[in-house]
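K.L.:
I have a structure I would like to understand better, so I am pasting it below and will then ask my questions one at a time.
The values are calculated or read from the model by the stated rules, or taken from the named source; none is laboratory data. Here the structure is a predicted model, which means the values were calculated and not measured. As a convention, Cβ positions derive from the backbone with ideal geometry for all residues, glycine included, and neighbour counts pool all protein chains shown.
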Amino acid sequence: MVTNDRRIPVTVLTGFLGSGKTTLLNRILTEQHGQRIAVIENEFGEVGIDHELVINADEEIFEMNNGCICCTVRGDLIRILENLMKRRERFDRILIETTGMAEPGPVAQTFFVDPEMQENMRLDGIVTIVDAKHVEQHFESDEVRTQIAFADVILLNKVDLVDQAAQDSLERRIQAMNAQAQIYRSIAADVDLRKVLDVGGFDLEHAMAIDPKFLEPEYPFEWGGVFQLDSGSSFVCAAGPDPAMGLCLVPVAGEGESELADGVETAVAYFSDRDHPLTAPGEEVGADGRRYDLDLADGGSFPLAVTSPGIYAIFTEHLPEEFDARVVRADGSTADWTSAREYRPDHEHDDEVASVGIETVGDVDWERLQAWLNSLLMTRGPDLYRSKGVIAVAGQKRRFVFQGVHMLLDTSLAEPWSDDEPRTSRLVFIGRDLDRALLQQGFEQCLV
Amino acid sequence: MPRVSADGLASDFGWSVSLTDHVGSIALSPDGERVAAVGTTGPIAIIAIADGEVITTIDAHASAATTIAWNPRTGFLASGGQDGKVNEWSAEGAPRWSTLVQTAWVEALTWDRQGRNLAAASGRSLAMLDADGATRWSADDDVSTITDLAWHPEGNALASIAYGGIALREATGPNPTRRVAWTGSGLCLAWSPDGRFIAAGDQDATVYIIFAKTGRKLQMWGFPRKVRELAWNRSGRWLATGGGDTPTVWDTSGKNGPEGRAPISLEGHEGTVRALAWSPTDDILASGCDDGIVHLWSPSSREDPVATVELSDAITAISWLLNGSGLLIGDADGELRFLDLRR
């Protein structure tokens, strides 16, 4: 990143005990990058290497009154970082390792509320390391979800211990919680260090690079594929992670991706069918505008009742590989899809931590925007882990950008909009129990 | 208004000594003839005031020394370090004793007036040592790191400050006799020379003035930054506070102290004030700023500085000589300068 910012970048490493935090830390410290790095660690004695400066911190969280907003900060960090700033030898980077159970909020907020911290250091990014093998057991814990929600970079570590399908499903689940984080897979925390350092996660300029992928719409299904079906074909699957799965069959005009895309709207309508009794193995599934919920307690075979042979799209609530699902012809051979794709599902495992992206063309009224953001942060601040936005404000030539942690917001005016681009506002909220519709509606009320 | 520039300083106005880095604290020996100074990472230097000769340099702690305090009775120097130890040295730098308080940094160290009790704070622990370094008692019940300590001028009571407020104790035992609580993280303490008030600076950019007898507290806010600079004048009437670019002086005379009275704002600095010190002989206040400027003020008579010293690096510590005839000024680059005001 090209920057004139001479403040010392700070990287925060979070992750459960055993996720590979220390391995990554050691990698960062031993790799030849020519940087002088000061490490502040919480779990004493873990870094066992000969290194210039490792300071043990005794995590001390306290509430701070910052104007009208209360937040928690790390008092021990303020003292340690102040001391580091006084040293004659300057460090190129500071790494803060948090305890496995720590919520990254207070660490991040420490850099927002103390002017001296802000003048001398810049929070570069929060890197969360996830143990691909064991994280499923920890997803229920608030700490893991919060660490994922806060992250700018997520390292899906120890991927050698799980198969490809599990890696993919884990990545999708993490992405649903935090859609703006960069996710990398690693073995023994072996990752290009440029991907975890100099992330620019808290740069206001960087806030503009909101990843458009999660501004995509969500669907009631996760997968769709086009098949050439004869009469006598069946949908066969094994018992899977859920006891039932929604499915619908849609006739389409051709075998390609565009025909599949044409079938999506119909499928969404089919899936909205609320009257869908459980379909037991052996019972037929028709292309009749209904949603079928397959009873998969023991797996089974479901005849596909197509009146005439032809091309059909099958849309499934979950990924076929999660249920070992396939389409079997009358002669017992497996029918392959001709085109298929995954969709961003709206159900995504019912995690209460999620990302909400808003993208709207058109100018926003400054007063209304301020009122809305203020009230949002005051009322929902504790549940909002990260927020970012690039906004087209009426009468303002430059982009208004903001980014925040809980209730604290950093704002500025960035590059001007050019004449040949649409003034499109983009916002991202990552938090707990967020109401997408309410956020969308709240923002739209600010439109001129 | 007299102005002094850095160039002429060394030759015309005293002496200058280079320490390893950022001068953290400086302390005058009880006889006023030596000054001890400690840098952020470096050793402790003991320097003769008369000519700036470095008498000794002490590698006082395995990691850095953090704080120093002269025993007013014996003239020995106690030091606290990042190693959690309190050590004592002769004025020539010979080791006397070493006591481990806790594993956390020793943030504060202070002798009572009689030089019998040395209070030391390390992490959440407070220890009371005797003049030989033996632990009289210790208290581990604070909720948060103790950031500063202050004795009552008579030495019969000790105040400590941490997150959540102040605890007061007798010199004789670990149980607090009073707690003055507020929501906020206390950073520094100063007990007025007349014993009436305890001033506390807070991370939340506020100052508290506590009536020592009753525990009643007044809160002052509106500071641009956290407040780490507090100084009482010799009589205990005036309290100077930092917390930004404008030193503020509070008149605490009268039954209600500073309550309802507008403070005097000393405007003239163009950076954050990092050090405040009153002359021990006159009501002259010295303020040092991170832009390298030291102003001298006579707050009760004039709004503008009565003198200005221009140095190049951020001022980090200021101490007056006992007779008020000169100033010791430490900076962020590790220079310790003596400024002789009689010349």
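K.L.:
Would you point out the residue of the stretch A:398-429, among those that are touching a helix residue (DSSP H, G or I) at 6+ places or on another chain (Cβ under 6 Å) and assigned to a loop (DSSP other than H, G, I, E, B), that is nearest to A:ALA181 (Cα to Cα)?
P.N.:
Taking the candidates together, the pick is A:HIS406.
K.L.:
If you don't mind, there's one more thing I want to ask. Considering only residues of the stretch A:291-330 that are basic (Lys, Arg) and in contact with a Gly (Cβ under 9 Å, 6 or more places away or on another chain), which is surrounded by the most Cβ atoms within 10 Å (Cβ to Cβ)? Break it down stepwise before answering.
P.N.:
Step one: of the stretch A:291-330, the residues basic (Lys, Arg) are A:291, A:326, A:329.
Cutting the leftovers down to in contact with a Gly (Cβ under 9 Å, 6 or more places away or on another chain) gives us A:291, A:329.
Working: A:ARG291: 22, A:ARG329: 16.
That would be A:ARG291.
K.L.:
Right, something else. Contact list please: Cβ distance under 7 Å, first residue in the stretch B:211-240 and within 14 Å of chain A (Cβ to nearest Cβ), second residue part of a loop (DSSP other than H, G, I, E, B) and of a type in the set (A, V, I, L, M, F, W, C), pairs at least six apart or on different chains.
P.N.:
Final answer for the pair search is B:TRP221/B:ALA205; B:PHE223/B:ALA205; B:PRO224/B:ALA205; B:ARG225/B:ALA205; B:LYS226/B:ALA205; B:VAL227/B:ALA205.
K.L.:
Out of curiosity, is B:SER235 part of a loop (DSSP other than H, G, I, E, B) and modelled with pLDDT under 95?
P.N.:
Details: part of a loop (DSSP other than H, G, I, E, B): yes; modelled with pLDDT under 95: no.
It is false that B:SER235 is part of a loop (DSSP other than H, G, I, E, B) and modelled with pLDDT under 95.
K.L.:
Looking only at residues that are surrounded by fewer than 16 Cβ atoms within 10 Å (Cβ to Cβ) and either touching a residue at least 60 places away in the same chain (Cβ under 8 Å) or of a type in the set (A, V, I, L, M, F, W, C) (or both) in the stretch A:169-195, which one is farthest from A:PRO320 (Cα to Cα)?
P.N.:
Within the stretch A:169-195, the subset surrounded by fewer than 16 Cβ atoms within 10 Å (Cβ to Cβ) is A:187-188, A:190, A:192-195.
Adding the requirement that they be either touching a residue at least 60 places away in the same chain (Cβ under 8 Å) or of a type in the set (A, V, I, L, M, F, W, C) (or both) leaves A:187-188, A:190, A:193.
Details: A:ILE187: 27, A:ALA188: 30, A:ASP190: 31, A:LEU193: 35 Å.
Within the stretch A:169-195, the match that is farthest from A:PRO320 (Cα to Cα) is A:LEU193.
K.L.:
Related question: Could you tell me whether any residue of the stretch B:24-34 is assigned to a loop (DSSP other than H, G, I, E, B), under 28 Å from B:ASP304 (Cα atoms) and at pLDDT below 95? Even if it seems obvious, please write down each step before you answer.
P.N.:
So in the stretch B:24-34, the residues assigned to a loop (DSSP other than H, G, I, E, B) come out as B:29-33.
Now restrict to residues that are under 28 Å from B:ASP304 (Cα atoms): none.
The answer is no, given that none of the residues of the stretch B:24-34 is assigned to a loop (DSSP other than H, G, I, E, B), under 28 Å from B:ASP304 (Cα atoms) and at pLDDT below 95.
K.L.:
Regarding A:ALA149, is this residue small (Gly, Ala, Ser), modelled with pLDDT of 90 or more and either surrounded by fewer than 16 Cβ atoms within 10 Å (Cβ to Cβ) or touching a strand residue (DSSP E or B) at 6+ places or on another chain (Cβ under 8 Å) (or both)? Step through it out loud before you land on a result.
P.N.:
On the way: small (Gly, Ala, Ser): yes; modelled with pLDDT of 90 or more: yes; either surrounded by fewer than 16 Cβ atoms within 10 Å (Cβ to Cβ) or touching a strand residue (DSSP E or B) at 6+ places or on another chain (Cβ under 8 Å) (or both): yes.
Spelling it out, A:ALA149 is indeed small (Gly, Ala, Ser), modelled with pLDDT of 90 or more and either surrounded by fewer than 16 Cβ atoms within 10 Å (Cβ to Cβ) or touching a strand residue (DSSP E or B) at 6+ places or on another chain (Cβ under 8 Å) (or both).
K.L.:
Oh, and also: Can you pull out every residue in the stretch B:1-23 that is surrounded by 14 or more Cβ atoms within 10 Å (Cβ to Cβ), modelled with pLDDT of 90 or more and not β-branched (Val, Ile, Thr)? Steps first, answer last, please.
P.N.:
We begin by selecting, within the stretch B:1-23, every residue surrounded by 14 or more Cβ atoms within 10 Å (Cβ to Cβ); these are B:4, B:6, B:9-10, B:13-17, B:19-23.
Going one step further and asking which of them are modelled with pLDDT of 90 or more, we end up with B:15-17, B:19, B:22-23.
Correct list: B:TRP15, B:SER16, B:LEU19, B:HIS22.
K.L.:
Sticking with this one: On the basis of being touching a residue at least 24 places away in the same chain (Cβ under 8 Å) and surrounded by fewer than 23 Cβ atoms within 10 Å (Cβ to Cβ), does A:GLU97 make the cut?
P.N.:
Numbers: touching a residue at least 24 places away in the same chain (Cβ under 8 Å): yes; surrounded by fewer than 23 Cβ atoms within 10 Å (Cβ to Cβ): no.
In short, no.
K.L.:
Would you mind finding the one in A:ASN178, A:ASN120 that is within 29 Å of B:SER185 (Cα to Cα) and touching a helix residue (DSSP H, G or I) at 6+ places or on another chain (Cβ under 8 Å)?
P.N.:
Values: A:ASN178 fails: within 29 Å of B:SER185 (Cα to Cα).
Only one candidate passes the filter, namely A:ASN120.
K.L.:
Only one of A:GLY332, A:GLY395, A:GLY381 is touching a residue at least 24 places away in the same chain (Cβ under 8 Å), out of contact with any helix residue (DSSP H, G or I) (no Cβ under 7 Å at 6 or more places or on another chain) and on the phi > 0 side of the Ramachandran plot. Can you tell me which? Spell out the reasoning first.
P.N.:
Working: A:GLY332 fails: touching a residue at least 24 places away in the same chain (Cβ under 8 Å); A:GLY381 fails: on the phi > 0 side of the Ramachandran plot.
Exactly one of A:GLY332, A:GLY395, A:GLY381 is touching a residue at least 24 places away in the same chain (Cβ under 8 Å), out of contact with any helix residue (DSSP H, G or I) (no Cβ under 7 Å at 6 or more places or on another chain) and on the phi > 0 side of the Ramachandran plot, namely A:GLY395.
K.L.:
Taking strands (runs of 3 or more DSSP E) that fall entirely within the stretch B:78-184, which contain at least 3 residues that are in contact with a Phe, Trp or Tyr (Cβ under 8 Å, 6 or more places away or on another chain), within 14 Å of chain A (Cβ to nearest Cβ) and surrounded by 19 or more Cβ atoms within 10 Å (Cβ to Cβ)?
P.N.:
Details: elements: B:85-89, B:95-100, B:106-111, B:117-122, B:125-130, B:135-139, B:148-151, B:157-170.
Result: B:157-170.
K.L.:
A follow-up question, please. Give me the strands (runs of 3 or more DSSP E) completely within the stretch A:33-91, filtered to those with at least 3 residues that are modelled with pLDDT of 80 or more and either touching a His at 6+ places or on another chain (Cβ under 8 Å) or crowded, with 21+ Cβ neighbours inside 10 Å (or both), ordered by residue number.
P.N.:
Working: elements: A:37-41, A:53-56, A:61-66, A:69-74.
Hits in the stretch A:33-91: A:37-41, A:69-74.
K.L.:
Can you give me the ranges of the strands (runs of 3 or more DSSP E) entirely in the stretch A:260-343 with at least 3 residues that are touching a strand residue (DSSP E or B) at 6+ places or on another chain (Cβ under 6 Å) and over 12 Å from A:GLY232 (Cα atoms)? Full working, then the answer.
P.N.:
Values: elements: A:292-295, A:300-305, A:310-316, A:326-328, A:339-342.
Passing ranges, in order: A:292-295, A:310-316, A:339-342.
Results for (1) over 25 Å from A:MET117 (Cα atoms); (2) β-branched (Val, Ile, Thr); (3) under 18 Å from the mean Cα position of the chain (by Cα), shown as yes or no for each residue.
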position: B:TRP191; (1), (2), (3): yes, no, yes
position: B:PHE197; (1), (2), (3): yes, no, yes
position: B:GLN203; (1), (2), (3): no, no, yes
position: B:VAL207; (1), (2), (3): no, yes, yes
position: B:PRO224; (1), (2), (3): no, no, no
position: B:ASN233; (1), (2), (3): yes, no, yes
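K.L.:
Among the residues in the stretch A:129-143, are any in contact with a His (Cβ under 9 Å, 6 or more places away or on another chain) and at pLDDT below 90?
P.N.:
yes
K.L.:
Keeping to the stretch B:285-313, report how many residues are surrounded by fewer than 21 Cβ atoms within 10 Å (Cβ to Cβ), of a type outside the set (Asp, Glu) and not in a strand (DSSP E or B).
P.N.:
Counting residues in the stretch B:285-313 that are surrounded by fewer than 21 Cβ atoms within 10 Å (Cβ to Cβ), of a type outside the set (Asp, Glu) and not in a strand (DSSP E or B) gives 7.
K.L.:
A further question follows. For the stretch A:111-134, enumerate the residues that are more than 16 Å from A:ILE96 (Cα to Cα), in contact (Cβ under 8 Å) with a residue 40 or more places away in the chain and away from every other protein chain (no Cβ under 14 Å).
P.N.:
Result: A:VAL130, A:ASP131, A:ALA132, A:HIS134.
K.L.:
Something else about it: Taking A:VAL361 as the residue in question, decide whether it is surrounded by fewer than 19 Cβ atoms within 10 Å (Cβ to Cβ), touching a Ser or Thr at 6+ places or on another chain (Cβ under 7 Å) and farther than 24 Å from A:LEU434 by Cα.
P.N.:
Numbers: surrounded by fewer than 19 Cβ atoms within 10 Å (Cβ to Cβ): yes; touching a Ser or Thr at 6+ places or on another chain (Cβ under 7 Å): yes; farther than 24 Å from A:LEU434 by Cα: no.
So A:VAL361 does not fit the description; no.
K.L.:
So which residues in the stretch B:303-343 are more than 14 Å from chain A (Cβ to nearest Cβ), of a type in the set (Val, Ile, Thr) and either within 26 Å of B:GLY42 (Cα to Cα) or touching an Asp or Glu at 6+ places or on another chain (Cβ under 8 Å) (or both), if there are any at all? It would help to see each step written out before you state the result.
P.N.:
In the first step, residues of the stretch B:303-343 are kept if they are more than 14 Å from chain A (Cβ to nearest Cβ); the result is B:303-312, B:318-329, B:336-343.
Adding the requirement that they be of a type in the set (Val, Ile, Thr) leaves B:306, B:308-309, B:318, B:329.
Residues satisfying the conditions are B:ILE318, B:ILE329.
K.L.:
Shifting gears a bit: I'd like the full set of residues that are aliphatic (A, V, I, L, M) and either in a loop (DSSP other than H, G, I, E, B) or more than 21 Å from B:ALA205 (Cα to Cα) (or both), limited to the stretch A:92-114. Lay out the reasoning, then the answer.
P.N.:
Restricting attention to the stretch A:92-114, the residues satisfying the condition of being aliphatic (A, V, I, L, M) are A:94-96, A:101-102, A:107-108, A:113.
Within the stretch A:92-114, A:ILE94, A:LEU95, A:ILE96, A:MET101, A:ALA102 meet the criteria.
K.L.:
Kindly evaluate B:ARG216 against the criterion of being loosely packed, with under 14 Cβ neighbours inside 10 Å and either polar (S, T, N, Q) or modelled with pLDDT of 95 or more (or both). Write out each step before concluding.
P.N.:
On the way: loosely packed, with under 14 Cβ neighbours inside 10 Å: yes; either polar (S, T, N, Q) or modelled with pLDDT of 95 or more (or both): yes.
Yes: the conditions hold for B:ARG216.
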